[in-house]
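**Student:** Mind looking over this structure? Questions follow.
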Amino acid sequence: TSLSETCVQSLATDSTLLPVSYKQRLAAGCRHKQWQLQPQVSGRCGCHRISHSEPPADTLLYAVYAFLSVVNLIIGLEQDNIIDGFVTFYLKEADPHINTAHGHMISYWDGWVHYLMYLLMIAAITWGDSYRTIGLYWVGSFLMRAIVYILGNAVGKYGSQVGPLFLLHMLYISVSVWACFRIFSQPSTQDAQNIQEAPRRSLLRRPLDLLFIIYLIPAFGFCVLRGLVALDCSSKCCQDYTQLYEPYLKDPSAYPKVQMLVNMLYSGPYYIITLYGLLVPGCEWMPDLTLVHSGALAQAQFSHIGASLHTRTPFSYRVPADSQLVFLLINVLYALVPQALCYRCCTRPAFFLRPTPEKKRD
């Protein structure tokens with residue numbers, strides 16, 4: 001227990017030093033006369049003061065979010081009895097939604113994955129680089145988490161127990177939506193001048209894209225199937241799938257139902273649009289779209305897989321032991337392939353970029 005407490009305290013301490021680390025880096029690289037560096041060494045770290053200026057609002061926001069991510073990680077660890085005594089009072093007084101299996105998984109996702117994203121965005125802002133790519137991935141992850149959590153709270157079995165902390169959570173979401181618009185407003189980092197000369201090959205000469213297209217068709221069907229299950233479809237196919245592989249879709253917390261409905265309404269059209277983008281050259285929106293979707297699906301699948309197997313989920317709604325291998329294989333593949341597609345679109349975007357007007361005239 002002492003080792004766990006030490007690790008958690010170290011994480012919390014490091015997250016509180018993020019604004020200080022930002023000021024230190026920014027002051028060291030600044031050449032303007034109005035900036036003054038006043039080092040004050042105290043204990044294990046050196047603190048720097050910067051006068052006559054304030055750090056960007058984005059940096060302060062993501063520093064606060066990084067601290068909150070550590071808090072969420074502590075909540076998840078205490079809920080699973082890995083640590084004890086840190087947020088006991090909060091868990092007793094908080095809304096009951098946080099104690100569900102889905103609440104556990106989003107605490108872990110926020111505590112690890114979102115925390116890393118915030119650090120990367122803070123570093124990019126500090127060094128003067130664009131953070132649009134990692135920012136769009138975070139936008140997808142955040143929006144999926146927020147939509148499912150809010151709607152699940154409203155229509156699930158805890159819908160009548162929404163308290164003041166839920167309203168505070170809505171404030172957090174409102175500020176995050178503002179951050180999403182800030183990220184979208186940043187200019188794209190793709191340099192069309194350098195890569196527009198790449199040849200536009202046919203689909204048969206792009207075997208990787210062909211594999212992605214082959215994947216998109218069954219992925220669309222799988223997405224629609226789980227959406228129909230969430231709508232209580234009475235067909236034998238839906239009933240058998242629920243009973244044999246994913247009984248968690250019937251959990252009364254309503255999070256899995258909302259998750260599958262969101263997937264069907266948003267991921268379904270995405271697969272069709274992506275199919276078009278892989279077939280027709282010049283779809284410049286493809287890298288951004290795949291970034292947002294891959295972030296959303298990564299968060300969704302992590303929460304869904306973890307909650308389906310978590311001990312907080314009632315036994316009758318957990319994945320049957322003899323079906324776990326198939327369940328994991330399908331759901332992990334469903335989560336990983338969009339990440340590979342996103343990587344392909346962002347690292348080799350020549351097929352999706354249009355020639356500039358200057359080149360066309362030449």
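**Student:** Taking N as the number of residues in the stretch 226-362, what value does Rg over Cα atoms divided by 2.2 N^0.38 Å take?
**Tutor:** Working it through for the stretch 226-362, the quotient is 1.31.
**Student:** Quick one: if you stick a label point 7 Å off each Cα along the C-beta vector at Gln239 and Lys92, how many nm between them?
**Tutor:** Roughly 4.7 nm, to one decimal.
**Student:** Could you tell me which residue out of Asn81, Gly128, Tyr115 lies farthest along the dipole of the stretch 72-182 toward its positive end? Charges go on the beta carbon: Lys and Arg +1, Asp and Glu -1, centred on the Cα centre.
**Tutor:** Final value for the positive-end residue is Gly128.
**Student:** Let me ask you something else. Using only Cα positions of the stretch 103-192, each an equal point scatterer, no hydration layer, compute I(q)/I(0) via Debye at q = 0.10, 0.15, 0.16 Å⁻¹ and quote the log10 values to two decimals.
**Tutor:** Debye intensities relative to I(0), on a log10 scale: -0.32, -0.66, -0.74.
**Student:** So, counting K/R as plus one and D/E as minus one, what does the shell of residues with Cβ under 11 Å around Arg132 add up to?
**Tutor:** -1
**Student:** Rg(Cα) of the stretch 281-327 divided by 2.2 N^0.38 Å?
**Tutor:** 1.71
**Student:** On a full-extension model of 0.36 nm per residue, what is the gain between Leu168 and Leu275, subtracting their alpha-carbon distance, rounded to one decimal in nm? Present the calculation step by step, with values, prior to reporting the outcome.
**Tutor:** On the way: separation 107, 0.36 × 107 = 38.52 nm, distance 4.00 nm.
The span from Leu168 to Leu275 would gain 34.5 nm if fully extended.
**Student:** Provide the packing ranking of 329-336, 203-210, 261-268, i.e. peptides ordered by the mean count of other C-beta atoms within 10 Å per residue, highest first. Walk me through the numbers on the way to the answer.
**Tutor:** Working: 329-336: 15.2, 203-210: 12.5, 261-268: 19.0.
So the peptides 329-336, 203-210, 261-268, ranked by packing, come out 261-268, 329-336, 203-210.
**Student:** Sorted by accessible area with a 1.4 angstrom probe, largest first, how do Ile122, Ile147 fall?
**Tutor:** Ile147, Ile122
**Student:** Show me 246-253, 135-142 ranked by packing, highest mean number of other Cβ atoms within 10 Å first. Let's see the in-between values first.
**Tutor:** Values: 246-253: 20.9, 135-142: 24.2.
Highest to lowest by the protection proxy: 135-142, 246-253.
**Student:** If the stretch 95-149 were replaced by its equivalent ellipsoid, with semi-axes equal to the square roots of 5 times the Cα gyration tensor eigenvalues, what would those be, largest first, whole Å?
**Tutor:** In descending order, the three semi-axes are 26, 11, 7 Å.
The values are calculated or read from the model by the stated rules, or taken from the named source; none is laboratory data. Just so it is clear, the model here is predicted, and its values are computed rather than measured. Ideal geometry is used to build each Cβ from the backbone, glycine not excepted, and the neighbour counts take in all protein chains shown. Just so you know, the surface numbers come from the protein's heavy atoms only, side chains and all, with ligands and any DNA or RNA stripped out. Shrake-Rupley method; radii C 1.70, N 1.55, O 1.52, S 1.80 Å.
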